[in-house]
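J.: Before we start, here is the structure in question, set down as structure tokens.
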Amino acid sequence: MSLIQWKTMERRVNPDIVTYSSIIAGLSRLGRLTEAMEKFNQMIALGVQPNKVVYHTLIQGFCIDGDLAKAKQLVSEMMNRGIPRPNISFFSSLIKSLCQEGRVMDAHDIFDLVIDMGERPDDILFNSLIDGYCLVRKMDKALKVLDVMESVGVEPDVITYNTLVNGYCRNGRIGDGLTLFREMPRKRIKPDTISYCVIMDGLFRSGRTVSGREMFHEMIESGTTVSISTYNVILGGLCRNNCADEAIALFQKLGSMNVKFSIAIVNTMIDAMYRVGRREEAKELFAGISASGLVPNESTYGVMIMNLLKDGAVEDANNVFSSMDKSGIVPSSRLLNDIIRMLLEKGEIAKAGNYLSKVDGKSISLEASTTSLMLSLFSREGKYREDMKLLPAKYQFFDGFC
């Protein structure tokens, strides 16, 4: 129900707590906190006593708006009315939400407010703030939060360390990430599956393939559960570091052990097989996807199409595109642009024109790189100027360009 409808209702009946709660919640979500407070004061003047829900809504609104003084005032007011103040979970949720939006300083202000109110932050609240600083690449501040956490007697857990290690790895500081990872057992924290996946991914992304392999063996020896995500990291890491043949051998070995793979892993392996010239194996793997119980996604079709086009198998690529279309998967703008550029570069102008027509029928636009390529190929000095008539009419506008 809209705010206008609520206002109409107010004129017909005396609003109760449910009515006011809904109006105040709606105004707060819209950031119209002045109006929300007017309704709040109005309800009190009419003898309708605010409850916990109303206070929580307003406190959350003012925290998000950055007016912590008002939020703190409302906390004091609700306690004076005998209503329990928001608990740590309430503030943890707020901090997590703000951190995800990149508003880490605002989240830290709320963290300070919690302490100022006399509450003792728990591990969830600390972990949320650490994650926020990691997301905005402020690792030194994240580490300072860890120091505060330990100084007040809150024990960091595996989530704390996974978050920090992941932050360091994503910021290219693999050495610092590895140091923290090795610190976990000394703190009596056992690395879990996520811990190993994070550090292995960091090692592979930094080109430390040997260390990545060694970490995988260490994971197995430690008895830590190896998940689908683990295989994704290992196989993807090997492929990324020019060890495609090794990745394929591991993939086939795991397959013979009836390990169930995700479609993401299969996509990675199809691309790896093409990269090292093992085309028939790639085609067999693609053809057997449905029989293995998996469903191809856009990335699956995209990998096949682009590799077929690189090999000059334009008709086969078209057939795969048709299969994707029949399966109900809508190609992304990126894939269509990739296909068009590949066909243009190979001189398949008429085929490129067909895909340009597909762009016309969808809410997809040409990327700047595609337009630039067309300009260079079809302008006055272009290599394929005479073939411009093979394009859809709306794209035959390059003739006047030098």
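Every read-out reported here was derived from the displayed coordinates using simple, explicitly stated rules and does not represent laboratory data. Everything numeric in this text was worked out from a predicted model, so none of it was measured. In this analysis, Cβ positions are derived from the backbone assuming ideal geometry, glycine residues included, and neighbour counts consider all displayed protein chains.
J.: Give me the lysines in straight-line cross-link reach of K138: C-alpha distance below 17 Å, same-chain residues under 8 apart excluded.
T.: Correct list for K138: K96.
J.: Further question on the same structure: Tell me, what ³J(HN,Hα) does each residue in region 75-89 have, in order and in whole Hz, if you take phi through Karplus 6.51 cos²θ - 1.76 cosθ + 1.60 with θ = phi - 60° and put x for Gly and Pro?
T.: 4, 4, 5, 5, 5, 5, 8, x, 9, x, 6, x, 8, 4, 4
J.: Same structure again: In degrees between 0 and 90, to the nearest 10, how far off the longest principal axis of the chain does helix 298-310 point, with axes built from Cα atoms?
T.: With rounding to tens, the tilt is 30 degrees.
J.: Need the list of lysines near K310 for cross-linking: C-alpha distance under 16 angstrom, and skip anything on the same chain fewer than eight residues off.
T.: Partners found: K283, K346, K351.
J.: Any number yet on Rg/Rh for the chain, C-alpha, Kirkwood?
T.: Here Rg/Rh amounts to 1.10.
J.: Suppose only helical runs count, i.e. DSSP H with n ≥ 4. What mean residue ellipticity at 222 nm does that imply for the chain under -39500 (n - 2.57) per run, divided by all residues and rounded to the nearest 500 deg cm²/dmol?
T.: -21500 deg cm²/dmol
J.: What is the angle, in °, between the Cα long axis of helix 139-151 and the longest principal axis of the Cα atoms in the chain? Nearest 10 is fine, range 0 to 90.
T.: Between the helix axis and the principal axis of the chain, the angle is about 40 degrees.
J.: Which order do peptides 152-164, 45-57 fall in by mean Cβ count within 10 Å, highest first?
T.: Highest-to-lowest ranking by the protection proxy: 152-164, 45-57.
J.: Between region 145-171 and region 179-250, how many Å separate their Cα centres?
T.: Between the Cα centres of region 145-171 and region 179-250 lies a distance of 20 Å.
J.: Based on the mean of other Cβ atoms within 10 Å per residue, sort peptides 319-325, 223-229, 298-304 so the most packed one is first.
T.: Output ranking for 319-325, 223-229, 298-304: 298-304, 319-325, 223-229.
J.: I'd like to know which of V158, V210, G353 lies farthest towards the positive end of the charge dipole of the chain, counting +1 on Cβ of Lys and Arg and -1 on Cβ of Asp and Glu.
T.: Farthest towards the positive pole: G353.
J.: Would you mind working out the magnitude of the charge dipole of the chain relative to its Cα centre, with +1 at each Lys and Arg C-beta and -1 at each Asp and Glu C-beta, to the nearest 20 Debye?
T.: Approximately 480 debye in magnitude.
J.: Using θ = phi - 60° and the Karplus relation 6.51 cos²θ - 1.76 cosθ + 1.60, list the HN-Hα couplings for region 233-248 in order, rounded to whole Hz, with x at every Gly or Pro.
T.: 5, 5, 5, x, x, 5, 5, 5, 10, 6, 10, 4, 4, 5, 5, 5
J.: Using alpha carbons only, how many degrees (0 to 90, rounded to 10) separate the axis of helix 33-45 from the longest principal axis of the chain?
T.: On a 0 to 90 degree scale, this one is about 30.
J.: Quick check on packing: order 216-222, 253-259 by the mean number of other C-beta atoms within 10 Å, highest mean leading.
T.: Put in order of decreasing packing, that is 216-222, 253-259.
J.: Here's something else I'd like to know. Working only with C-alpha atoms, what are the Rg and Dmax values of region 235-330, expressed in angstrom?
T.: Over region 235-330's Cα set, Rg and Dmax evaluate to 13.0, 36 Å.
J.: Would you mind computing Rg(Cα) / (2.2 N^0.38 Å) for region 134-207, counting N as its residues?
T.: Rg over 2.2 N^0.38 Å, computed on Cα atoms: 1.04.
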